[in-house]
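Worksheet for the structure shown next.
The values are calculated or read from the model by the stated rules, or taken from the named source; none is laboratory data. What you see is a predicted model; the values in this text were computed from it and never measured. Methodologically, a virtual Cβ is constructed for each residue, glycine included, from the backbone with ideal geometry; neighbour enumeration extends over all protein chains shown. Protein only, heavy atoms only, side chains kept; ligands, DNA and RNA dropped before computing areas. Shrake-Rupley method; radii C 1.70, N 1.55, O 1.52, S 1.80 Å.
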Amino acid sequence: MNVKQAYYLSMEFLQGRALLNAIGNLGLTGPYADALTKLGYSLEDVARQEPDAALGNGGLGRLASCFLDSMATLNYPAWGYGLRYQYGLFKQLITKDGQEEVAENWLEMGNPWEIVRNDISYPVKFYGKVIEGADGRKEWTGGEDITAVAYDVPIPGYKTKTTINLRLWSTKLGAEAFDLHAFNNGDHAKAYEAQKKAEKICYVLYPGDESLEGKTLRLKQQYTLCSASLQDIIARFEKRSGNAVNWDQFPEKVAVQMNDTHPTLCIPELLRILMDVKGLSWKQAWEITQRTVAYTNHTVLPEALEKWSFTLLGELLPRHVEIIAMIDEELLHTILAEYGTEDLDLLQEKLNQMRILDNVEIPSSVLELLIKAEESAADVEKGADEEQEEEGKDDSKDEETEAVKAETTNEEEETEVKKVEVEDSPAKIKRIFGPHPNKPQVVHMANLCVVSGHAVNGVAEIHSEIVKDEVFNEFYKLWPEKFQNKTNGVTPRRWLSFCNPELSEIITKWIGSDDWLVNTEKLAELRKFADNEELQSEWRKAKGNNKMKIVSLIKEKTGYVVSPDAMFDVQIKRIHEYKRQLLNIFGIVYRYKKMKEMSPEERKEKFVPRVCIFGGKAFATYVQAKRIVKFITDVGETVNHDPEIGDLLKVVFVPDYNVSVAEVLIPGSELSQHISTAGMEASGTSNMKFSMNGCLLIGTLDGANVEIREEVGEDNFFLFGAQAHEIAGLRKERAEGKFVPDPRFEEVKAFIRTGVFGTYNYEELMGSLEGNEGYGRADYFLVGKDFPDYIECQDKVDEAYRDQKKWTKMSILNTAGSFKFSSDRTIHQYARDIWRIEPVELP
C-alpha cells in the first residue's frame, strides 16, 4: 500500500524474549499454555529457554522496542532499522574483583524469530576517493567494499493483524574477496583478513573507542546502519512509485527518525544518494532531506553529544565530509543573514556555538562576505578619520607637538597601532575566524542533526526545556518551530499484562474490562477504588506472590537468601555516576552503621527490614562505574554475612541485568530509586514501568519523574534533592570552596575508610567526592550535597511502609497515575506531529 511510512533508525533495540510477547499479542497465551501442558511442558519453563536478544543495553534500546510494539498495535505503517550484533554489549559476571565482561552467546543456537533475507543486500563503502565527472557529478570510488545483508524480525501488534518489521543488518564479503591464492600458500590469516574485517563491524554493540581502531569501528557501524537502511528505504520508495518516480514526493512518502545521534550519517548519506546516484541538484536534495529527517535528543551530557574527528571522518567517508561541509556552509550563511556582519565578536561567538565543523577553515563564499563587510566598515572608518583630520587642521602647533609627544611615550602602544593599521581586511578576518593550530578539528553530530532535521524533540518536559534553554539554545532562537517535547512511554502489554498477569487480572476485574491495555487512560479509574479494603487485600497478595519470584531469582543468580517480608528496594539501570548508585549505596552504608551502633531491640524498632537490590552494566572502559559495582558487591558481602543484622538489611547485586531480569524484579518491587542529579537524566523509562506496577518511587525532580509525580500525586512520590536550576550555582559554590559537607556524609566516608568492607582501595572513589576542583573530583554529581536530604527522605519511606494500608493505597494510585506513560500515547504524538502518518487498518 503506497502510504507514507516512518522508519525508526536506532543503534539499539533491547527486545527481550519474544515468545510470551508474541503469544500474548496474538491473544493465545491460554491455549498455547494448554497445548504445551499436553506435550508435558510448562509455558514458563519453555519461555525461560529463550535467551534475550543482545541488541541493546539501556533505556535508549528499550524505548525503541516499546515504540515498535506500539507502532504495530496502533496499525501505523512503520519499520525499525538496526544492526544484528553477534555478541551484544557483553554478558556481565560478578566476581570477587567486581564486574567482568564476556561475550554474549545469544545466537549460539540460532534465532528462530529472524528471517534471513539473502535476497536483500546492499554494498557499503569505506575510504576511497571522490572524483568529479565531466557533467559535474561526483563519484565516490575505490576503497573498501562490504555487503550488508538483511535479517527481518517480525513485530506483532496486540489484537491486530498488523505485524511490522525490525530489519537488522549483518555484514559480510562475497566469495570473490576470499584470497584463495594466499590460503593455498598457507597464509590463512591473510586469506580471511578482508572477510573478518567486514564481519567484525557487527560483532559487538558499542565497541571500546579509546583507540583509533575502536573509533574507526564505531564509525563503520554507524555508517553501515545508515547506508544500508537509506538504500533500502529508497529502493522501497522507488518500487512503490512504479515507473513514475517523483523525488519531490519522497518526504510525502518517507519519514526517517534518528534515535539519538548515532544514525546522524543518514543525513549526508541521503544527500549523497540523491545527488551522486539519482542526479538531483544540491538545492533539491537538501530540501528533500530537511523535510524527511527528524532527530530525538536523549541526553544533556556533553560527552554523549557525539563529536567525531574531522580527519578520521574525512579518511573513512571522504564524500560525506564534503557534503557535511556544504551543510555547514548553508548554516553559516543563515547565521550571517540573521546576525549581520557589523559585530565580529558576536559573530565569532555564534559560529563557535553553532558550527557543525569546529575549528575548520571558513568556506570561501562566507569568507568573501566577511571580507567585503570588513572592507566597507574600514572605508567608512577611514572617511570618518579624514573628516576629523580636516577639522583639526586649524589647531595650534603646540597642541600638535603635545599630541606627538604623548603618542611617542609608549613604544609598545605605537607598535600595536601600526600593526592594526597595516593588517588588511582578509588578514584580519582569517585571524578572527581561522582555525586554531592547537585545537582539534571535530564534527558536531548533534548540530548536524538540528540543522538538517525538520523536528528536534526531547523526551520529557523538563528535558525538552533544557534542550531549548541550554543544549541547543542558539538553534532554538533561530528555529523555535523545530523544537518539540515527546515524553517517553512504555508498552503496557509487556510491562504490565505479560510480566505481571496477576495484577493485570485484578485491574481488569475492578475496571470492568481489559480495554486499559490499549486505552491506558482507563487505569485512572482505579483511583475511585484506592481505599477499598477488598482491592487492597488482592493488591497486597499479588505483590507478595511477585516478591516470592524475586526471592527465587536472587537465590538462583547470587546464592543469597532474602526474606519476602522485607521491603524490596530496587535500583536497576545502567551504572553511571550521574544516575548516582553511589548515593544509594552510601545511604545503605549509613543505615548499616547506625544499625551496628544500636541494640537488637532498638534496631527492630527503628528500621523497617529491607532488601536493597541493584542491577545494571558499567561500560567496560568506564573505570569509575566499575568501581561502584565493586563497592556495592563488597558492601553486600559484609552486610549479608553479618549475623547481628540478619534479615533487617540485605544488599544484592543481580548480575547481567536485562529485560527478562527486569520482568521479574519490577512486578515485585515496592520502592524504586530514580535519584539522578537533577537536570541530567533526559527522561528514564524504568520509572514508568515501576509506577505502572504499583511501585513507589523515591527520586529527584529530573526527567520523567516530574510528570510521574504530577500524575500519581505529590503525596505518593518520595521527593528529595536539589533542583535542576540550582545545579550550576551549587557547582560554583563548591569550586569557590564554600560548600560544607554534612557530618553524616563525612561519617560514612570515614567508616568506609576503616576497611570494614574489605581490603580494596577505594581512594579513587572517595576522591571523586572530595576537593573543590579538578577532573574526576569535586563531587560533580552532588552526592554529598543531596545526601542529608536523601537519608531523611528514606526515613519517611520507612514511616510510610509501616502503615501497610496507606502504602497499598499509594501503590494503587501509582498504577492509576501511570496511564499517561504508555508508548501508545507517545507514538500517536510522533505520528501526528513529526512523521505525519496515518494508521492503516488491514482488511
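Structure notes:
- Eigen-decomposition of the gyration tensor built on the alpha-carbon atoms of region 190-336 gives equivalent ellipsoid semi-axes of 27, 21, 15 angstrom, largest listed first.
- Counting charges near N118 (Lys, Arg +1; Asp, Glu -1) among other residues having Cβ under 12 Å from its Cβ returns a value of 0.
- Euclidean distance of C-alpha centroids, region 566-614 and region 741-790, integer Å: 16
- For region 89-155, the list of GluC sites (Glu not before Pro) that fall in a loop by DSSP and count at most 10 other C-beta atoms within 10 angstrom reads E108.
- In the calculated pair-distance distribution of region 283-368, the portion above 19 angstrom amounts to 50 percent of the Cα-Cα pairs.
- Estimated D of region 505-599 in µm² per second, where Rh is the Kirkwood radius over Cα pairs and Stokes-Einstein applies at 20 °C, 1.002 mPa s: 126
- Using the empirical formula 2.2 N^0.38 Å as the baseline, the Cα radius of gyration of region 1-112 reaches a ratio of 1.29.
- For the chain: Kirkwood Rh in Å [reciprocal of mean 1/r, alpha carbons]: 29.8
- When you filter the trypsin sites (Lys or Arg not before Pro) in region 809-843 for DSSP loop state and at most 14 other Cβ atoms inside 10 Å of their Cβ, you are left with R836.
- With the whole protein complex present, D742 retains an accessible surface near 30 Å², based on a 1.4 Å probe.
- Calculated from backbone phi, Karplus (6.51, -1.76, 1.60) coupling profile of region 501-507 in Hz, x at Gly/Pro: x, 5, 5, 4, 5, 5, 4
- Added length on full extension, which subtracts the Cα-Cα distance from 0.36 nm per residue, E601 to D715: 38.0 nm
- Along the axis of the charge dipole computed for region 637-796 (Cβ charges of +1 for Lys and Arg, -1 for Asp and Glu, origin at the Cα centre), the listed residues F781, P655, G699 are led at the positive end by F781.
- Partners of K430 within straight-line reach, counting lysines whose Cα lies under 28 Å from its Cα and excluding those fewer than 8 residues away in the same chain: K307, K350, K372, K382, K418, K419, K439, K477.
- Within the chain, percent of DSSP bridges classed antiparallel, to nearest 5: 45
- Stokes-Einstein translational diffusion, region 562-711 - Kirkwood Rh over all Cα pairs, 0.890 mPa s, 25 °C, in µm²/s: 154
- Average Cα contact separation per residue, the chain, under 8 Å, 6 or more apart, as relative contact order %: 14
- All Cα pairs of region 48-106, percent lying beyond 13 Å: 70
- Rh (Kirkwood; distinct C-alpha pairs) - region 196-257, Å: 13.8
- Of the residues V611, A625, V635, the one whose Cα sits farthest towards the positive end of the charge dipole of region 599-638 is A625 (charges of +1 on Lys and Arg Cβ, -1 on Asp and Glu Cβ, taken about the Cα centre).
- Size of charge dipole - the chain - debye, nearest 20, with Cβ of Lys, Arg +1 and Asp, Glu -1, no other charges: 5460
- Ellipticity estimate at 222 nm from DSSP helix runs (n ≥ 4, -39,500 (n - 2.57)) divided over the chain, nearest 500: -14500 deg cm²/dmol
- Computed packing ranks the peptides 304-312, 260-268 as 260-268, 304-312, most packed first, by mean other Cβ atoms within 10 Å.
- Per-residue extension of 0.36 nm, minus the Cα-Cα distance of D34 and E315, leaves a gain of 95.2 nm for this segment.
- Per-residue SASA entry for T508, accessible area with 1.4 Å probe, Å² rounded to 10: 40
- Expressed in Å, the radius of gyration and Dmax of the Cα atoms of region 1-60 are 16.0, 47.
- Computed about its Cα centre, the charge dipole of region 93-221 is approximately 520 debye, with only Lys, Arg, Asp and Glu carrying charge at their Cβ.
- Per-residue 3J(HN,Hα) values for region 825-840, derived from phi via the Karplus relation 6.51 cos²θ - 1.76 cosθ + 1.60 with θ = phi - 60°, read 4, 5, 5, 4, 5, 4, 4, 7, 9, 10, 7, 6, 10, 10, x, 10 Hz in sequence order (x marks Gly and Pro).
- Those GluC sites (Glu not before Pro) in region 183-254 that DSSP places in a loop and that have at most 12 other beta carbons within 10 Å: E210
- Once you divide the Cα radius of gyration of region 617-678 by 2.2 N^0.38 Å, the number left is 1.32.
- Were the residues from M548 through E747 laid out at 0.36 nm apart, the gain over their Cα-Cα distance would be 68.1 nm.
- With each label modelled as a point 7 angstrom along the Cα→C-beta vector, the V623-E238 pair spans 5.1 nm.
- For region 68-160, size of Cβ-based charge dipole, Lys and Arg +1, Asp and Glu -1, in debye: 220
- A probe of 1.4 angstrom, applied to the heavy atoms of all protein chains, finds C499 with accessible area near 20 square angstrom.
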